[in-house]
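The values are calculated or read from the model by the stated rules, or taken from the named source; none is laboratory data. From a predicted model like this one, the values you see are computed outputs, not experimental measurements. All Cβ positions, glycine included, derive from the backbone under ideal geometry; neighbour counts span all protein chains shown. Side chains are part of the model used for accessible areas, which takes the heavy atoms of the whole protein and leaves out ligands, DNA and RNA. Shrake-Rupley method; radii C 1.70, N 1.55, O 1.52, S 1.80 Å.
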Amino acid sequence: MTETAPLPPAGLRGRARVMILSLDPQVDGGRFAAKHIVGEPVVVSADLLVDGHDVLAGVVRYAPPQTDGTYAWKEVPLAPQTPGTDRWKASFTPDQVGLWQFTIEAWVDEFATWQWGIDRKLQAQQNVDVDVLEGVNLILQAARRAPPADSAWLEATAAALKAASSQAEQRQLAADPVLAQHMRRHADRATSTTHEPALGLWVDPVKARFSSWYELFPRSTGAKGQHGSFADVIAHLPYVAEMGFDVLYLPPIHPIGLSFRKGPNNTLQAGEHDPGSPWAIGAPEGGHKHIHPQLGTLDDFAILVKSAKNLSIDVALDIAFQASPDHPYVKEHPEWFVRRADGSIQYAENPPKKYQDVYPFALAGPSWQPLWQELLDVFLVWIDRGVRIFRVDNPHTKPLPFWQWCIAEIKGRHPDVLFLAEAFTRPKLMYALAKLGFSQSYTYFTWRTSADDLRGYMQELIRPEVARFFRPNFWPNTPDILPEHLQFGGRGTFMARLILAGTLSANYGLYGPAYELMESVARPGSEEYIDNEKFQLRSWDLNNPNSLRPLMKRLNTIRRENAALQRNDTLVFHPCDNNMLLAYSKTEVDGNNVIFVVVNVDGQHKQAGWIELNLAALGIDPTQTIQVHDLLSDERFHWQGNRAYVELDPASMPAHIFKLRRHIRSEKTFEYYL
């Protein structure tokens with residue numbers, strides 16, 4: 001005897017004929033929320049499939065962050081993305097930051113199917129009397145679902161259709177667009193299919209997509225040889241603002257331990273006046289919630305945050321979850337640290353490197369719950385003090401579930417807070433951190449130097465399946481990293497890397513003043529700066545006439561004034577016959593702003609070549625002359641056709657940043673002017 005298969009779930013699901021497949025955007029099948037930016041349309045698409053030839057209809061249902069535990073759902077109709085492909089789409093524009101929800105509901109549109117069928121029969125001059133009765137029944141059913149005003153109109157229309165005495169009259173009534181509108185409004189959705197569960201969409205402020213970071217050690221802003229303070233940083237703010245940076249990132253500002261304090265150039269013995277590493281957090285004066293006494297007070301910090309905001313700069317703080325042996329946590333909560341076999345607390349290591357001045361937390365240890373709560377409170381304390389951006393040190397060395405929980409807790413309360421992951425690690429681990437909630441991430445741009453490497457890496461990062469959750473932040477240097485090409489490449493390389501970082505990626509940052517002053521001497525055998533600010537005070541000549549400060553100002557002005565450079569998703573590379581030249585364009589979504597960049601990646605030699613222009617990506621008519629304006633040099637050139645010749649000498653400027661505008665008519669041709 002054959003066993004009977006179990007029936008589908010109770011209710012009408014057996015009559016729900018539409019299948020919803022490949023819903024986008026989603027990350028890992030909806031396990032994680034895709035990322036988006038407030039005020040920008042979200043395009044939702046999916047494959048809608050049904051048996052036979054029935055006409056489909058559907059909506060995207062979406063809801064802003066919940067209030068009082070409920071979602072206020074709205075909807076927008078779906079439309080075919082490309083006829084005949086079964087792909088449908090619709091869009092909505094989130095108007096606030098936070099975790100939105102969206103899904104798709106689709107159903108067989110019985111009335112549209114009836115319209116399609118009766119129209120074909122009428123064209124063939126077939127008898128449609130029975131078909132008319134079927135249409136009348138559909139209209140009357142809709143009338144019962146409709147409010148009184150619409151119901152009366154539908155009933156009258158049904159009566160008129162039933163009484164129609166000729167096929168011409170039947171056809172006219174059946175095809176009435178007003179009737180179709182009413183029927184769509186009151187469609188029978190009892191047998192609809194809804195994609196379940198609804199998917200999350202994390203909506204961030206614009207600065208998550210577009211930002212310019214400047215890293216500064218507060219203790220090096222004082223007079224020569226003196227420890228700087230927040231007051232000195234405030235005096236330094238006009239310098240940062242004048243260059244056009246909108247995020248000022250400060251390394252840890254907490255008390256620094258004395259035990260095993262490192263000396264200059266990471267030596268194991270510190271002198272009496274050596275300041276130690278800011279990342280060796282904690283001393284008798286306090287820990288992660290306190291301020292180094294020489295920097296100032298909490299009131300001084302509040303003045304700094306306010307002063308920066310007045311110059312349109314956000315202060316970003318470094319969060320490093322580790323402790324010096326002198327941190328109050330070590331005495332108060334020794335259970336929060338890893339014990340070695342001999343009973344001692346384990347210090348941090350990255351063999352063969354040793355960090356005796358730092359103890360890592362046991363975030364997966366027996367006392368993980370109170371530790372997690374305390375570290376969450378570290379963030380919340382600084383958020384209450386006005387900080388909305390955090391650069392997180394080495395998050396890949398902490399348990400991933402901690403970040404998933406911690407960031408969700410913070411953004412549930414403060415959805416505008418942003419997190420930058422300093423995770424130079426395996427690509428999939430970097431991606432995982434982004435999926436778990438980090439808003440931006442450091443990348444391998446620092447070591448991608450050839451045109452092929454840069455092109456391939458950026459094409460990987462802008463793939464939709466990656467860009468849905470991962471936002472790169474390009475840094476040509478950090479206090480830890482002075483790459484070999486900056487050690488030996490000269491001024492041309494410093495300029496090229498700056499321009500590449502700021503035009504390839506909408507988010508970029510640098511460690512200054514080391515960068516603008518082109519600091520290039522490394523500790524022998526390493527990629528680390530000699531006389532590193534991590535271990536000693538430095539004094540910088542900000543008025544050095546050779547500084548790249550004017551170029552930084554110009555680049556940030558160009559970025560701010562050209563929306564095309566404020567996103568990554570429109571990036572297109574253009575082939576060149578010289579592989580020392582990297583050519584690419586970015587376009588504003590509406591096509592009104594087009595930027596074309598060419599960079600000589602050889603920082604020491606002049607390079608020239610012919611570029612094959614992708615005219616379709618640029619929105620250019622191939623028969624017309626193009627005028628391009630170099631926003632760096634203020635020169636103008638004319639191009640025609642799909643090839644352009646470029647010559648770049650790094651001794652003067654290793655890049656062009658061209659701007660194109662269209663269409664201003666002259667008497668003989670269309671030209672592209674500013």
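With all protein chains kept in place, the per residue accessible area of segment 16-69 amounts to 46 square angstrom at a probe of 1.4 angstrom. For segment 313-433, the Cβ-based charge dipole about the Cα centre amounts to some 420 debye (Lys, Arg positive; Asp, Glu negative; other atoms uncharged).
For a quick check of your reading of the filter: which trypsin sites (Lys or Arg not before Pro) in segment 248-298 sit in a DSSP loop and have no more than 15 other Cβ atoms within 10 Å? Passing sites in segment 248-298 are Lys289. Packing around the peptides 641-651, 462-472, 212-222, taken as the average count of other Cβ atoms within 10 Å per residue, puts them in this order, highest first: 212-222, 462-472, 641-651.
I'd like the carbon and sulfur percentage of the solvent accessible area for segment 543-635, probe radius 1.4 Å, heavy atoms only, ligands and nucleic acids excluded. Result for segment 543-635: 45 percent of the exposed heavy-atom area is carbon or sulfur.
From the residues Ala164, Pro264, Ala231, which one has its Cα farthest along the dipole of segment 154-277 in the positive direction, the dipole being from +1 and -1 charges on Cβ of Lys/Arg and Asp/Glu about the Cα centre? Checking the options against the dipole of segment 154-277, the answer is Ala164. Given the options Val128, Tyr457, Ala348, identify the residue whose Cα lies farthest towards the positive end of the charge dipole of the chain (+1 on Cβ of Lys, Arg; -1 on Cβ of Asp, Glu). Of the options given, the answer is Val128. Residues whose amide H falls under 5 Å from that of Gly509, counting only those 5 or more places apart or on a different chain, are Trp213, Phe474, Trp475, with hydrogens built in the peptide plane. Considering the zone a paramagnetic label at Asp299 would reach in this model (a point 7 Å from Cα along the Cα-to-Cβ line), which residues of segment 383-400 have amide N under 19 Å from it? Within reach of a label on Asp299: 385-386. With one equal scatterer per alpha carbon and no solvent term, the Debye-computed log10 I(q)/I(0) for segment 548-658 at 0.17 1/Å reads -0.84. For the pair Ala168 and Gln604, label points projected 7 Å from Cα toward Cβ lie 8.7 nm apart. Using θ = phi - 60° in the Karplus curve 6.51 cos²θ - 1.76 cosθ + 1.60, the 3J(HN,Hα) couplings for segment 372-380 round to 4, 4, 5, 5, 4, 5, 4, 4, 4 Hz; x is entered for Gly and Pro. Accessible surface for segment 181-317, divided over its residues, is 40 Å² per residue with a 1.4 Å probe. Convex hull volume of the Cα atoms of segment 349-412, normalised per residue: 111 Å³. Pairs with C-alpha atoms separated by more than 23 Å, drawn from the list Lys553/Lys659; Lys553/Lys586; Lys35/Lys534; Lys289/Lys331; Lys207/Lys553; Lys331/Lys353, are Lys35/Lys534; Lys331/Lys353.
Take every pair of alpha-carbon atoms less than 8 Å apart whose residues are at least six positions apart; their mean separation over the length of the chain yields a relative contact order of 10 percent. The stretch between Ala616 and Ala152 holds 161.8 nm of extra length on full extension. This uses 0.36 nm per residue minus the Cα-Cα distance. What shape does segment 77-133 have by the C-alpha gyration tensor, where a ≥ b ≥ c are the square roots of the eigenvalues, rounded means a/c under 1.5, and otherwise prolate means a/b greater than b/c and oblate the rest? The shape class here is prolate.
Antiparallel as a % of all DSSP beta bridges within the chain, to the nearest 5?
Here the share of antiparallel DSSP bridges comes out near 70 percent.
Based on alpha-carbon centroids, what's the gap between segment 258-298 and segment 463-481 in Å, whole number please? Cα centres, segment 258-298 to segment 463-481: 30 Å.
The Rg/Rh ratio for segment 370-498 is 1.02, where Rg is the radius of gyration of the alpha carbons and Rh is the Kirkwood radius. Backbone amide hydrogens, once placed in the peptide plane, bring Ala316 within less than 5 Å of Leu248, Tyr249, Leu250, excluding anything fewer than 5 places away on its chain.
Checking every one of the trypsin sites (Lys or Arg not before Pro) in segment 299-367 against DSSP loop status and a limit of 10 other Cβ atoms within 10 Å picks out Arg340.
Segment 178-241 and segment 149-171 have Cα centres lying 53 Å from one another. Relative to one another, the C-alpha centroids of segment 78-102 and segment 307-376 are positioned 43 Å apart.
For the pair Arg145 and Leu376 in one chain, pulling the backbone fully straight at 0.36 nm per residue adds 78.1 nm over the alpha carbon distance. Over the residues of the chain, the helix contribution to mean residue ellipticity at 222 nm works out to -8500 deg cm²/dmol, using -39500 (n - 2.57) for each DSSP H run of at least 4.
How big is the charge dipole of the chain about its Cα centre, in debye rounded to the nearest 20, if each Lys and Arg gets +1 on its Cβ and each Asp and Glu gets -1 on its Cβ?
In total the dipole reaches around 160 debye.
Both radii are taken from the alpha-carbon atoms of segment 195-341; with Rh as the Kirkwood radius, Rg/Rh is 1.07. Sequence-ordered 3J(HN,Hα) estimates for segment 440-451 from the Karplus curve with 6.51, -1.76 and 1.60 and θ = phi - 60° stand at 9, 8, 4, 9, 8, 3, 3, 10, 8, 10, 7, 4 Hz, glycine and proline given as x.
Database remark: amide H of Ile104 closer than 5 angstrom to the amide H of Arg61, His195 (H placed geometrically; neighbours at sequence offset of 5 or more, or on other chains; Pro and chain starts carry no H). Mean projected area of the convex hull spanned by the Cα atoms of segment 216-282, taken over all viewing directions: 5.2 nm².
Projecting the Cα atoms of Pro197, Phe573, Val387 onto the charge dipole of the chain, computed from C-beta unit charges around the Cα centre, puts Phe573 farthest toward the positive end. Phi angles of segment 235-249 translate, via the Karplus equation with coefficients 6.51, -1.76, 1.60 and θ = phi - 60°, into HN-Hα couplings of 5, 8, 4, x, 4, 5, 5, 4, 7, x, 7, 10, 10, 9, 9 Hz per residue; Gly and Pro are given as x.
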